[in-house]
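This report refers to the structure that appears directly beneath it.
FYI, it's all coordinate maths here, none of it is from the lab. A quick note: this is a predicted structure, and the numbers were derived from the prediction, not measured. Here Cβ is always computed from backbone atoms with ideal geometry, including for glycine, and neighbour counts include all displayed protein chains.
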Amino acid sequence: MQITAASVDDYVAALPEERKGAINKLRKTIKENLPKGFHEEMSYGMIGFVVPHSIYPNGYHCNPKLPLPFINIGSQKNYIAMHHMGVYASKDLLDWFVAEYEKVPYKLDMGKGCIRFKKPEEIPFELIAELVKKIDVQQWIAMTESSLSTAAKNKKVAAKK
């Protein structure tokens, strides 16, 4: 489900009624638990929580004009999605999250960094709150830069072969 919206409030207003409550609660959970410094805005056609250029001028390495993404939430055709880049970037965080999700009475439906909730009533808000607290802005920037440095080193090694 692609929603074209200029603002987060416009995005939420355009959602089907059966998704608004869950998206609003997920958004509120993230905002209440997200460490200081992240900024909420429309990002990639979803509600995004990003590191603004005022904190990290380099922006997103794929497109430096964009701020560094961290979490996105959105309503897709068959599910509500939460993209958490930290889970994608950190095996330790991924392992923690998967282990904690086993305590939830619902099956985890997840891709690399995308957690899918097919039924809004099955969103584990308390677990999401804990996940969101795990990485602050400076940690996220350091993880991003470390990942980019590793990728650049690997590229040089591959070029020498």
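Each Lys or Arg adds one and each Asp or Glu takes one away; over the other residues whose Cβ falls under 13 Å from the Cβ of E100, this sums to -2.
Each of H39, W140, Y106 was placed along the dipole of the chain (beta-carbon charges, centred on the mean Cα), and the one lying farthest toward the positive end is W140. Taken along the Cα-to-beta-carbon direction at a fixed 7 Å, the label points for K91 and S7 span 4.5 nm.
What shape does region 72-120 take by its C-alpha gyration tensor, where a ≥ b ≥ c are the square roots of the eigenvalues and a/c under 1.5 counts as rounded, a/b above b/c as prolate, and the rest as oblate? Verdict is oblate for region 72-120.
Annotation for region 75-113: trypsin sites (Lys or Arg not before Pro) lying in DSSP loop with at most 15 further Cβ atoms inside 10 Å of their Cβ are K77, K103, K107, K112. Here is the list for region 30-138: GluC sites (Glu not before Pro) lying in DSSP coil, each with at most 16 other C-beta atoms within 10 angstrom of its C-beta, are E102. Measuring between alpha carbons in the structure, the pairs from K28/K119; K28/K134; K36/K107 lying more than 20 angstrom apart are K36/K107. Using the Cβ-Cβ distance between D109 and K31 with R0 = 22 Å, the FRET efficiency computed as 1/(1 + (r/R0)^6) comes to roughly 0.40. The C-alpha atoms of the chain define a longest principal axis, and helix 91-101 lies at about 20 degrees to it.
Full extension of the chain between V98 and S149 gives 15.7 nm of extra length, using 0.36 nm per residue less the Cα-Cα distance.
Given +1 at the Cβ of Lys and Arg, -1 at the Cβ of Asp and Glu and no other charges, the dipole of the chain around its Cα centre is 760 debye to the nearest 20. Would you look at the GNM of the chain, springs on alpha carbons closer than 10 Å, and say which of G86, G74, G37 moves the most? In this elastic network of the chain, the residue with the biggest mean-square fluctuation among G86, G74, G37 is G37.
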